[in-house]
Each structure stands twice: as structure tokens, then as C-alpha cells.
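The values are calculated or read from the model by the stated rules, or taken from the named source; none is laboratory data. Model, not experiment: these values are computed from the prediction. All Cβ positions, even for glycine, are placed from backbone atoms using ideal geometry, and neighbour counts span all protein chains on display. Just so you know, the surface numbers come from the protein's heavy atoms only, side chains and all, with ligands and any DNA or RNA stripped out. Shrake-Rupley method; radii C 1.70, N 1.55, O 1.52, S 1.80 Å.
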Amino acid sequence: MDYNLTTEEELIKKVAKEFSESVIAPLQEEIHANNEVPGEVLEGMAELGLFGINAPEDLGGGGASFVSFVSAIEEIAVVSAGVGMIMSVNNMGHTLINFLGNDEQRKKYIPKLVAGEELASFAFTEPSTGSDPKQLQVTAVEDGDFFVLNGTKRFITNSNLKGPMIIVAKEESSSPMSGKATAFVIDKHCEGYSLSEPWDKVGVHGGPLFDVYLKDVRIPKENMLGDSGNGMYVLKMTMVFAKVGVCGICLGVARAAYEEAVAYAKEKTHRGEAIIKKFEHVRMALTEMEMIYNRAKWVTYHYAWALDGNIGDPFVLAKLAAQAKVEASEAAVDIVRKAMGVLGSYGCVSDYKLSRLWGDAIVGPQVEGCAATLKVMAGNISYLA
Amino acid sequence: MKTLNYVVAMKQVPDLQQLRIRDKKPVLTDIPLELGKIDKNALECAVNLKEQHDGEVILVSVGNDDLPETLKDGLACGADRAKFIADNRVDNLQSAQKAELLAKLIEGLDDVSLIFFAEGSADNYSGQVGSRVAEILGYPQVGYASEVKIQGETAIITRALENSYEDIEVALPAVVIVVQDLNKPRLPSVIQILKAGKKPQERIDLADSSYEAAELTVCYENLAPDTDRKMQELSCSSDLIEVLKDLGVLER
Ligand SMILES: Cc1cc2nc3c(=O)[nH]c(=O)nc-3n(C[C@H](O)[C@H](O)[C@H](O)COP(=O)(O)OP(=O)(O)OC[C@H]3O[C@@H](n4cnc5c(N)ncnc54)[C@H](O)[C@@H]3O)c2cc1C
């Protein structure tokens with residue numbers, strides 16, 4: 001099996017890395033403090049085509065692989081998980097519209113999303129549930145040629161940014177708990193759309209997170225994404241295609257923590273000798289971090305490789321996605337924890353980036369399906385079929 | 001007036017960020033190759049001139065079998081096509097021999113205005129190749145170029161000297177050897193990267209270049225000199241002043 005990146009994949013990864021280091025890194029403290037990504041970062045990414053790496057060429061995307069996308073988002077997230085989050089959710093948006101939408105919807109939304117003129121959101125979570133379509137309470141009531149949407153979506157990334165939002169709602173004609181959840185595309189900031197104050201989260205600063213209030217939002221019927229009652233299917237496809245972004249973010253956070261620990265161990269001395277030379281346990285901790293990172297990396301890259309047309313069965317893909325998400329998100333937490341052991345108290349103060357990485361890492365296992373749900377799902381696919 | 005073309009000589013060098021050092025020697029096994037950093041400045045300069053005056057940007061290069069892949073970066077960064085010799089035997093050639101091969105590649109190109117070189121490469125930094133090619137082709141050469149403008153049939157080139165700048169007007173075609181400060185190369189977009197592989201690449205056989213390898217120089221060792229540092233621990237700035245006085249660096 002060949003795990004080497006192609007020349008093009010290497011170059012895309014390099015561009016993401018250079019952009020991250022030269023443009024995002026000098027602004028990282030500002031992003032963290034203000035919990036907001038400056039426009040110049042998003043504009044720069046748009047110019048380089050980083051929002052549409054794996055989108056179809058005929059719709060303005062790069063037409064590159066998912067492997068390319070994951071390696072690029074990892075480089076962005078090494079510097080800023082928040083910027084990675086914006087990129088990941090936008091990618092989830094255009095990938096889902098491409099997969100589930102009709103031609104008209106593809107042409108209407110995808111070119112602007114890959115050009116970064118607009119940035120997508122995906123709204124599933126509600127105050128009552130983050131993973132169960134049967135418990136959804138946002139309603140979509142049929143009214144002639146329209147649907148009228150009402151309710152609250154919780155924790156929605158990119159919801160303050162201009163662009164389309166894929167939203168899963170319960171078709172009102174369906175009885176409670178009937179499970180007739182359906183996906184729609186709405187334009188953010190349309191009439192009846194409003195936002196809460198931003199959530200003040202522990203990490204992933206810059207990744208915009210709000211609750212979305214929908215009050216009599218009227219959308220034409222052609223805004224239905226896929227078939228009526230396909231909510232569960234949409235969720236499964238989100239599972240298949242969309243975990244790759246969050247996996248890449250977790251790898252980036254993990255690598256940033258590992259690199260900071262190595263740099264610190266080379267710099268910090270004990271009685272005149274760098275601790276990386278002096279203490280075997282420091283070298284052991286760094287090796288353990290490297291092992292955890294490599295494990296998560298190869299599971300993630302294997303999943304991305306599978307998405308590049310190498311595995312066709314959506315159930316196998318969903319299982320790989322779930323496993324990669326659990327591995328990558330737990331790897332980030334474990335590596336940051338071990339890095340704390342190398343930095344000691346310096347890891348706890350904001351002068352060192354590790355303190356921020358701790359906040360970033362702990363978000364990973366909670367978003368886009370918690371570890372328990374993902375493992376249960378993977379187990380069901382393997383053993384209950 | 002006919003449109004003029006810009007030639008940029010770009011060299012394959014190991015990615016220094018990935019280099020491992022063992023027993024004071026670089027381990028080159030499995031280290032990916034990339035285009036030289038200052039070569040990218042030269043390319044950026046040529047692409048800027050092309051954007052102002054039209055014409056084509058042509059890469060020339062002599063490298064190993066992987067060269068067509070390495071050159072994709074240059075093609076993504078704005079070059080229109082490439083002409084090269086890719087042969088693993090050239091890894092053993094010296095600067096003088098590479099200059100001869102590059103000159104042969106350039107001789108076959110039409111309407112050349114400026115031929116760009118970097119002041120040195122990341123691996124050897126011999127800094128000879130540009131000047132040698134200029135001599136072989138019989139073109140004027142301008143080194144330490146920090147700004148390049150085309151004015152009619154000539155180029156106005158600013159040279160960055162130690163304490164001053166010097167403007168030189170030179171007839172075309174000419175060889176320009178650039179310094180890193182002359183610009184900040186732009187990053188290629190994803191789409192430019194993916195299209196790079198589709199740009200024309202003309203491969204010349206080492207045998208066709210009627211070149212006979214001759215061993216002109218032999219490199220026995222290439223190491224930085226050992227430095228014996230004092231590593232003296234000081235507790236305050238007045239101690240430092242005392243030490244510097246003792247060394248005669250500061251006057252008493
Ligand atoms: C930074 C950030 C960004 C986010 N962005 C978005 C976004 O853009 N769009 C969006 O829709 N959401 C988003 N979310 C929400 C996030 O995806 C959900 O919170 C997450 O999926 C979990 O949902 P929940 O919190 O409602 O937990 P629930 O799904 O209600 O689960 C709570 C707990 O119950 C248990 N549990 C529940 N169901 C199962 C099950 N089937 N099997 C086993 N155990 C189970 C688990 O222990 C779980 O931890 C974001 C969250 C954060 C923090």
C-alpha cells in the first residue's frame with residue numbers, strides 16, 4: 001500500500017502550511033483573544049482555493065483528493081483550530097450539497113462556497129439533542145409552495161457568516177417521534193433568522209458558534225435537500241463525508257502540542273543540560289506522543305483515502321469515519337496531556353501555546369458525535385448487520 | 001516589438017526542514033526534493049515581468065529522474081513551460097558541468113530577454129552557475145539584483161551592494177543573478193497546483209546534449225568549521241562587561 005502523498009498533494013499541503021505560518025500565526029493571539037478570525041485570513045484562504053480543495057472542478061473546486069483536504073486542514077489547525085473549524089464546516093457544507101443536492105442546488109451554492117465568497121453551515125443540533133433525528137423539535141410546516149421553519153438550533157458553526165445553511169428539521173405533518181426529519185437549505189440571515197450571543201467556548205477560538213433562532217422562515221419547496229424524510233440519511237452521509245475535517249483539526253492540535261513539547265525539551269535545561277538529553281523519561285514521553293499521533297494520522301488518512309473512491313460501501317466508510325474521529329480526537333487530548341507533563345507549569349500559563357491547545361483538544365471528542373455514540377454506531381455496523 | 005521570454009534556472013535541492021544530521025553529515029536518504037528558495041524569488045521576478053510585458057516564462061533545469069515532479073511547483077507558481085534534463089547521473093556533476101548543460105538548454109530557446117539565476121543554491125551555494133552560463137553564452141551578467149525593470153531593448157537592474165544600491169542598464173539578452181530580498185514569492189492556488197502537471201514539459205536526453213562528463217573537481221568533505229564556544233555562565237550584566245573587557249573587546 002502506498003501512503004506517499006502525490007506531488008500535487010504535497011504542494012497543496014505546503015501551501016496550507018506556508019499560509020498558516022506566514023498569515024495566521026502572527027494573528028493567532030488576536031484570534032484567541034477576540035474569538036474571531038480577521039477577514040484577511042478568510043480572504044487569503046479563498047484566494048488560494050483552500051475552501052474548495054476537493055470540490056468538483058466544473059463547479060470551481062480543485063477536484064483534488066480528500067487526502068489533500070485533510071493534509072491541508074491539518075496544517076491550518078496546527079496554527080489555529082478555530083480557522084480549521086470554519087474550513088471544515090464549509091467543506092462539509094459543499095460536500096453534502098454535492099452529494100445530496102440536485103443540479104440546480106449544486107450550481108447555485110457550490111461555486112460560491114468553494115470560492116470562499118460564502119461559507120456554509122450545517123445545523124442539526126438542538127437544545128434537546130445533538131445526535132438523534134427522532135428528537136428534533138425545529139419544525140418545517142408545508143404551506144403551498146413553501147415550507148415555514150420555526151425553532152432553535154444550538155451550537156451552529158459559521159452561522160454568523162453569509163451563505164447557505166443545511167438544516168435538518170421535522171416535517172410538521174409527521175407525528176411526534178415518527179422520525180420524519182428532512183434536510184433543507186436556507187440562506188443565513190434571511191427574514192426570521194437571528195442569532196444568540198456567541199458561545200464562549202473553552203477552545204477552538206475563532207470558530208464562530210451561536211444558537212440560531214428561526215421564526216417563520218419561509219423557504220420555497222425546491223430548497224429541500226434530497227427527499228422528504230431523509231434526515232437520518234443526511235446524518236449518515238454527514239457521518240461518512242464530514243468527519244474528515246474534524247479529524248484533520250484534531251491531528252493539527254495534536255501535532256502542535258507534540259512540536260511544542262519537543263521545542264521546550266530542547267530549550268529547557270536541568271543543571272546545564274537540555275532535558276531532552278538529560279532525561280530518558282522526557283524522550284520516552286515524546287516518543288509516546290509520536291506513536292499516538294502516528295496511529296491517529298494513519299487511521300485518519302486511511303479514512304480519507306477510502307473516501308477518494310477506494311472504498312464504496314457507505315457502511316464501511318461510516319465505520320472508518322467513526323473510528324478515525326474517535327482516534328484523532330482522543331489522540332489530541334492524550335498528546336496535550338503528555339505535553340503538559342513535559343512543560344510542567346509552563347503548560348498552564350497563557351504565555352505558552354500549550355495552554356490554548358488544551359482547550360482546543362478537549363473540544364474534539366465532544367463535537368460531531370461524541371465518542372460513545374460513534375463507537376456504538378461502528379459496533380452496530382460491524383456486529384448487528 | 002516582438003514579445004520577449006524570460007528564462008529561470010531552477011534547481012532541485014533537498015527540503016532542508018526535513019534533513020537529519022547523523023555523525024555531522026546530512027542524511028539525504030528519503031528526503032524530498034524541492035525547488036531552491038531563492039530560485040523561487042527569481043521565478044517571481046520573471047512572472048511579474050511577464051505580467052507587465054507579456055511573453056513566456058520558461059524553466060530550465062538539470063536534475064535527477066524526479067525532476068519533472070519537482071518542477072511542477074515552478075509551473076504552479078506561474079511558469080508557462082519547462083525544458084530540462086532529468087537523469088540520475090547528473091547528481092554527480094559539478095557546477096561547471098551543470099552550467100554547460102544549462103547553457104545548452106537555453107541556447108535552443110527563442111527570443112530570450114532575461115535569464116534568471118539565484119545567487120546560490122540551498123545545498124552547495126557555490127554561486128557559480130549563473131556567471132558561468134553568462135560566460136558560455138557570451139551574454140552580459142548582473143549580480144546581486146534586487147530590482148529588475150525592462151525598458152525597451154534594455155533592462156534596468158538595481159544591485160544591492162553592501163552599503164549602497166547601484167543601478168545598471170544592460171542590453172538584452174542578459175543574465176540576472178538575484179538576491180532573496182528582491183521580492184516575496186506568492187503562494188500558488190490549489191487550482192494552479194492541479195493544473196501545473198498539464199503544462200508543457202520538454203525533456204532533453206543527457207546523451208542528446210552531446211555532453212561528456214569529466215571529473216573536474218573532487219569534493220572530499222563539506223563541513224562547517226568546528227567552533228569552540230566559551231559557554232560561560234554569567235549572573236549579571238556587569239559580569240558580562242568585565243568579561244568583555246578582559247577579552248579586549250571593550251575598552252577599559
Ligand atoms: C465547537 C462546537 C461546534 C459545533 N458545531 C456544530 C454545528 O456546526 N452543527 C451542529 O449541528 N452541531 C454542532 N455542534 C454540536 C455538537 O455536534 C453536538 O453537541 C454533539 O454532536 C453532541 O450532541 P449533544 O451535545 O446534544 O449530545 P447528545 O447527542 O445528546 O449526547 C449526550 C450524551 O448522551 C450519550 N448518548 C447520546 N446518544 C447516544 C447514543 N446513541 N449512544 C450512546 N450514547 C449516547 C453520550 O454519552 C453523550 O455524550 C458543535 C459543538 C461544538 C462544541
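A few points about this structure:
- Selection from the stretch B:159-189 of residues that are more than 16 Å from B:Ala46 (Cβ to Cβ) and assigned to a strand (DSSP E or B): B:Arg159, B:Ala160, B:Tyr165, B:Glu166, B:Asp167, B:Ile168, B:Glu169, B:Ala171
- Number of residues in the stretch B:63-82 that are at pLDDT 95 or above and closer than 15 Å to B:Ala207 by Cα: the value is 0.
- From A:Lys221, A:Lys153, residue being within 12 Å of the ligand (Cβ to nearest atom), away from chain B (no Cβ under 14 Å) and either at pLDDT below 95 or buried (at least 23 other Cβ atoms within 10 Å of the Cβ) (or both): A:Lys153
- Residues of the stretch B:186-201 satisfying the condition of being more than 10 Å from every other protein chain (Cβ to nearest Cβ) and either closer than 25 Å to B:Phe117 by Cβ or open to solvent by less than 50 Å² (accessible area, probe 1.4 Å) (or both): B:Lys199, B:Pro200, B:Gln201
- Screening A:Ala64 on (1) at the interface with another protein chain (Cβ under 8 Å from one of its Cβ atoms); (2) outside any helix (DSSP H, G or I); (3) out of contact with any Asp or Glu (no Cβ under 9 Å at 6 or more places or on another chain) shows it passes everything except condition (3).
- Count of residues meeting criterion [surrounded by 24 or more Cβ atoms within 10 Å (Cβ to Cβ) and either modelled with pLDDT under 95 or of a type in the set (D, E, K, R) (or both)] in the stretch A:323-336: 1
- Checking each residue in the stretch A:284-317 for being loosely packed, with under 14 Cβ neighbours inside 10 Å and among the hydroxyl-bearing types (Ser, Thr, Tyr) picks out only A:Thr287.
- Looking across the stretch A:75-111, just one residue is polar (S, T, N, Q), open to solvent by 20 Å² or more (accessible area, probe 1.4 Å) and in a helix (DSSP H, G or I), and that is A:Asn98.
- Test: A:Val114 is within 14 Å of chain B (Cβ to nearest Cβ), more than 16 Å from the ligand (Cβ to nearest atom) and either within 26 Å of A:Leu50 (Cβ to Cβ) or open to solvent by 20 Å² or more (accessible area, probe 1.4 Å) (or both): yes
- Restricting attention to the stretch A:45-74, the residues that are open to solvent by less than 10 Å² (accessible area, probe 1.4 Å) and of a type in the set (D, E, K, R) total 1.
- Pick from the stretch A:30-53, criterion more than 10 Å from chain B (Cβ to nearest Cβ) and not in a helix (DSSP H, G or I), ranking: nearest to A:Glu75 (Cα to Cα): A:Val37
- Of the residues making up the stretch B:48-84, those that are part of a helix (DSSP H, G or I) and over 20 Å from B:Val13 (Cβ atoms) number 6.
- Residues being more than 16 Å from the ligand (Cβ to nearest atom), buried (at least 16 other Cβ atoms within 10 Å of the Cβ) and part of a loop (DSSP other than H, G, I, E, B) - total across the stretch A:337-385: 1
- Boolean, B:Glu147 is over 18 Å from the mean Cα position of the chain (by Cα), open to solvent by 30 Å² or more (accessible area, probe 1.4 Å) and closer than 22 Å to B:Asn48 by Cβ: no
- Within the stretch B:217-246, being among the hydrophobic types (A, V, I, L, M, F, W, C) and more than 22 Å from B:Pro26 (Cα to Cα) holds for B:Met231, B:Leu234, B:Cys236, B:Leu240, B:Ile241, B:Val243, B:Leu244.
- Just one of the listed residues (A:Ala242, A:Ala254) is farther than 21 Å from A:Lys153 by Cα and not hydroxyl-bearing (Ser, Thr, Tyr), namely A:Ala254.
- Looking only at the stretch A:345-371, residues that are within 16 Å of the chain's Cα centre (by Cα) and free of Cβ contacts under 8 Å to residues at least 40 places away in the same chain come to 2 in all.
Matching residues to (1) modelled with pLDDT of 95 or more; (2) touching a strand residue (DSSP E or B) at 6+ places or on another chain (Cβ under 8 Å):
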{"residue": "A:Leu100", "(1), (2)": "no, yes"}
{"residue": "A:Lys107", "(1), (2)": "yes, no"}
{"residue": "A:Ile110", "(1), (2)": "yes, no"}
{"residue": "A:Leu113", "(1), (2)": "yes, yes"}
{"residue": "A:Leu119", "(1), (2)": "yes, no"}
{"residue": "A:Phe122", "(1), (2)": "yes, yes"}
{"residue": "A:Ser131", "(1), (2)": "no, no"}
{"residue": "A:Thr139", "(1), (2)": "no, yes"}
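- Residues that are away from the ligand (no atom under 16 Å from the Cβ) and part of a strand (DSSP E or B) within the stretch A:117-139 comprise just one, A:Thr139.
- A:Glu197 modelled with pLDDT of 95 or more and open to solvent by 30 Å² or more (accessible area, probe 1.4 Å): yes
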